[in-house]
Amino acid sequence: MRDLLTLTRAQGANRALINREVAPAGYRLSFADEPVLVKGFRKMVRGLEYDVAEMALTTYLTAKEHGARFTALPVFLVRDFHHGAVQVLRDGPVSTAKDLAGGRVGVNRGYTVTTGVWGRAALADAGLDLDSVTWVLSGDEHVATYVRPANVVSAPEGTSLEDLLLAGDLEAVIGASIDHPDVTTLFADPEETAMGVLRERGVFPVNHLVVVRDDLLAEQPALSVALFEAFAEAKRRYVGRLRNGLEETKQDSLLRRVMTTTGRDPLPYGLEPNRATLEELMQHARDQHILVRPVALEDIFVANTLALHD
């Protein structure tokens, strides 16, 4: 039985895999000890350090455009809403997205971070010209060869986005999760705003998917299907528990609300059930100058998984 070094974070959708209640046929998953998941993303992008890896969606898309030697399965482990990721000063001058035009907005970590992409998309939906903003990063990019746009700069060394916002040096931040009495969300009821997008357009943002090294896929064509089926079975067990009332975490509560609103599985796997959401994300990535070349969705997933869904 082949051992596969696997990077993933314990969560509802993969718990049955981590607990070894479910396994891919013919393979054993050995889970990497990586306390900070985003550090694992970087290790996979820059050094192919895992056989199978959970990865942020726009990190994957950027890496793929820059020649990464791994390919995704249509397994979407993490989804979330991002209107609440945009924060401003409670009594500050910004009350609408359009007020940010000409200003400086902090972004946690890199410009290509998926939460930042979806957060900027929410601002664009609310009328902001994203090119009119200077985006201030607290970190760098996982994909070392990515060249950021001219209106993207690094925060001064030794400063935090929270300090810069509180000092008035930033008009807003995205993804910084600041817990301070003087800071609030730009959107008054961010979850309800996001639920409105879900009801109107059917978009429940994807954050993370699963990638596999290309050399393994070439050597073992059955691997991709075995992995998809195992991840799907683990997810089915989790969704079954959600339907039976599981609500132990904030994520459980959100997924139950999505399930109630849509009447469907809140974590669908497969290309076709997610086409609209994926195409929207890829368009945002092009609009935000992250992706340069047009690419078909079919070209970013392993070919023998395109017809699979769950």
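Report the residue count in the range 116-129 for those that are surrounded by fewer than 22 Cβ atoms within 10 Å (Cβ to Cβ) and part of a helix (DSSP H, G or I).
So the answer is 2.
What about L61, is it within 22 Å of G175 (Cβ to Cβ) and in contact (Cβ under 8 Å) with a residue 40 or more places away in the chain?
Judged against the criteria, L61 is a match.
Okay, residues lined up against (1) farther than 20 Å from V78 by Cβ; (2) acidic (D, E):
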residue	(1), (2)
L267	no, no
E280	no, yes
H289	yes, no
R293	yes, no
L297	no, no
A307	yes, no
D310	no, yes
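Just the residues that are assigned to a helix (DSSP H, G or I) and of a type in the set (S, T, N, Q), please, taken from the range 239-284.
Q251, S253, T260, T261, T262, N274, T277, Q283
Got at least one residue in the range 230-245 being surrounded by fewer than 19 Cβ atoms within 10 Å (Cβ to Cβ), touching a residue at least 12 places away in the same chain (Cβ under 8 Å) and among the acidic types (D, E)?
For the range 230-245, residues surrounded by fewer than 19 Cβ atoms within 10 Å (Cβ to Cβ), touching a residue at least 12 places away in the same chain (Cβ under 8 Å) and among the acidic types (D, E): present.
Scan (1) over 24 Å from R275 (Cβ atoms); (2) not assigned by TED's automatic domain parsing to the domain that holds A188 for the single condition G127 breaks and write down its number.
Single failed check for G127: (2).
Just give me the residues in the range 201-248 being among the hydroxyl-bearing types (S, T, Y) and in contact with a strand residue (DSSP E or B) (Cβ under 8 Å, 6 or more places away or on another chain), in sequence order. Talk me through it step by step, then tell me what you get.
If we filter the range 201-248 for residues that are among the hydroxyl-bearing types (S, T, Y), which is where we start, we get 224, 238.
Answer for the range 201-248, where residues must be among the hydroxyl-bearing types (S, T, Y) and in contact with a strand residue (DSSP E or B) (Cβ under 8 Å, 6 or more places away or on another chain): just S224.
Restricting attention to the range 26-54, report how many residues are under 26 Å from L242 (Cα atoms), more than 19 Å from the chain's Cα centre (by Cα) and either assigned to a loop (DSSP other than H, G, I, E, B) or not aliphatic (A, V, I, L, M) (or both).
Result for the range 26-54: 1.
Only residues that are buried (at least 16 other Cβ atoms within 10 Å of the Cβ) and either among the polar types (S, T, N, Q) or out of contact with any strand residue (DSSP E or B) (no Cβ under 6 Å at 6 or more places or on another chain) (or both): list them for the range 12-33, please.
Step one: filter the range 12-33 for residues buried (at least 16 other Cβ atoms within 10 Å of the Cβ), giving 12-18, 22-24, 27, 29, 31-32.
Correct list: G12, N14, R15, A16, L17, I18, V22, A23, P24.
A quick yes/no check of all residues on (1) within 22 Å of A121 (Cα to Cα); (2) acidic (D, E); (3) assigned by TED's automatic domain parsing to the domain that holds L73; (4) within 16 Å of the chain's Cα centre (by Cα):
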{"position": "E229", "(1), (2), (3), (4)": "no, yes, yes, no"}
{"position": "V239", "(1), (2), (3), (4)": "no, no, yes, no"}
{"position": "T249", "(1), (2), (3), (4)": "no, no, yes, no"}
{"position": "D252", "(1), (2), (3), (4)": "no, yes, yes, no"}
{"position": "D265", "(1), (2), (3), (4)": "no, yes, yes, no"}
{"position": "T277", "(1), (2), (3), (4)": "yes, no, yes, yes"}
{"position": "I290", "(1), (2), (3), (4)": "yes, no, yes, yes"}
{"position": "A296", "(1), (2), (3), (4)": "yes, no, yes, no"}
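Looking at H180, H208, which one is more than 30 Å from R2 (Cβ to Cβ), at pLDDT 95 or above and not hydrophobic (A, V, I, L, M, F, W, C)?
Result: H180 is the single residue among H180, H208 that is more than 30 Å from R2 (Cβ to Cβ), at pLDDT 95 or above and not hydrophobic (A, V, I, L, M, F, W, C).
Take the range 159-175 and flag every residue that is under 19 Å from S132 (Cα atoms) and surrounded by fewer than 22 Cβ atoms within 10 Å (Cβ to Cβ).
Passing the criteria: G168, D169.
Give just the number: which of (1) touching an Asp or Glu at 6+ places or on another chain (Cβ under 8 Å); (2) of a type outside the set (A, V, I, L, M, F, W, C); (3) in a loop (DSSP other than H, G, I, E, B); (4) under 24 Å from Y269 (Cα atoms) does D91 not satisfy?
(4)
Could we say that R148 is buried (at least 19 other Cβ atoms within 10 Å of the Cβ) and basic (K, R) here?
no
The values are calculated or read from the model by the stated rules, or taken from the named source; none is laboratory data. Bear in mind that the values here come from a model prediction, so they are computed numbers and not experimental data. In this analysis, Cβ positions are derived from the backbone assuming ideal geometry, glycine residues included, and neighbour counts consider all displayed protein chains.
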